[in-house]
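The values are calculated or read from the model by the stated rules, or taken from the named source; none is laboratory data. Here the structure is a predicted model, which is why all the values come from computation and not from measurement. Here the Cβ positions follow ideal geometry from the backbone for every residue, glycine too, while neighbour counts run over all protein chains shown.
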Amino acid sequence: MPTTQDKLGTGRRSALATPSELGSEAVKNITGALNALLADVFALYIKTKNFHWHVSGPHFRDYHLLLDEQGDQIFAMTDDMAERVRKIGGTTIPSIGHVARLQRLSDSDADYVDPHGMLAELSEDNRTLLASMR
């Protein structure tokens, strides 16, 4: 006998069905690539905001504002990417745990990173993200 959870799961899958001219294999491949990219964007967003919150030094105000603006721009990308996944009939990242499993950019868990190190790390991550987008 199906459990309530089984019924809910089936209902969710049915509700997510989205017509697409793409075949199921193409949807799977494109969705996988976009979700990995989306995970990287979320990881870059968190790292950028972390550095925004922890930047210090003589250029604090400039770096603080720069990282806040960049964080906003990075986060703005997420909705379009996730909606593209849904538009082609895929499902997108449901949790932080899923982001952690898919992300290719490294986290920054250091207790302290000097401002130049922050900018260098973010610069490299942005280059890596751009390469993944290409």
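Key figures for this structure:
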{"read-out": "Exclusive hit being in a helix (DSSP H, G or I), at pLDDT below 95 and not β-branched (Val, Ile, Thr), set Gly11, Gly71", "value": "Gly11"}
{"read-out": "Residues satisfying the stated conditions in the range 112-129, i.e. hydrophobic (A, V, I, L, M, F, W, C) and more than 13 Å from the chain's Cα centre (by Cα)", "value": "Val113, Met118, Leu119, Ala120, Leu122"}
{"read-out": "Hits in the range 14-37 (condition: in contact with a helix residue (DSSP H, G or I) (Cβ under 7 Å, 6 or more places away or on another chain), more than 18 Å from Asp79 (Cα to Cα) and modelled with pLDDT of 85 or more)", "value": "none"}
{"read-out": "Among the candidates Leu102, Leu44, Leu67, residue that is touching a helix residue (DSSP H, G or I) at 6+ places or on another chain (Cβ under 9 Å), more than 14 Å from Ser123 (Cα to Cα) and not small (Gly, Ala, Ser)", "value": "Leu102"}
{"read-out": "Qualifying residue in the range 51-68 (condition: under 16 Å from the mean Cα position of the chain (by Cα) and assigned to a helix (DSSP H, G or I))", "value": "no"}
{"read-out": "Residue within the range 109-117 that is of a type in the set (Ser, Thr, Tyr) and within 25 Å of Glu21 (Cα to Cα) present", "value": "no"}
{"read-out": "Search result, residues across the range 19-71 that are closer than 21 Å to Ala100 by Cβ, without any contact (Cβ under 8 Å) to a residue 40 or more places away in the chain and among the hydrophobic types (A, V, I, L, M, F, W, C)", "value": "Ala33, Trp53"}
{"read-out": "Residue that is farthest from the chain's Cα centre (by Cα), among those in the range 75-111 that are surrounded by 15 or more Cβ atoms within 10 Å (Cβ to Cβ), within 14 Å of Ala39 (Cα to Cα) and among the aliphatic types (A, V, I, L, M)", "value": "Val85"}
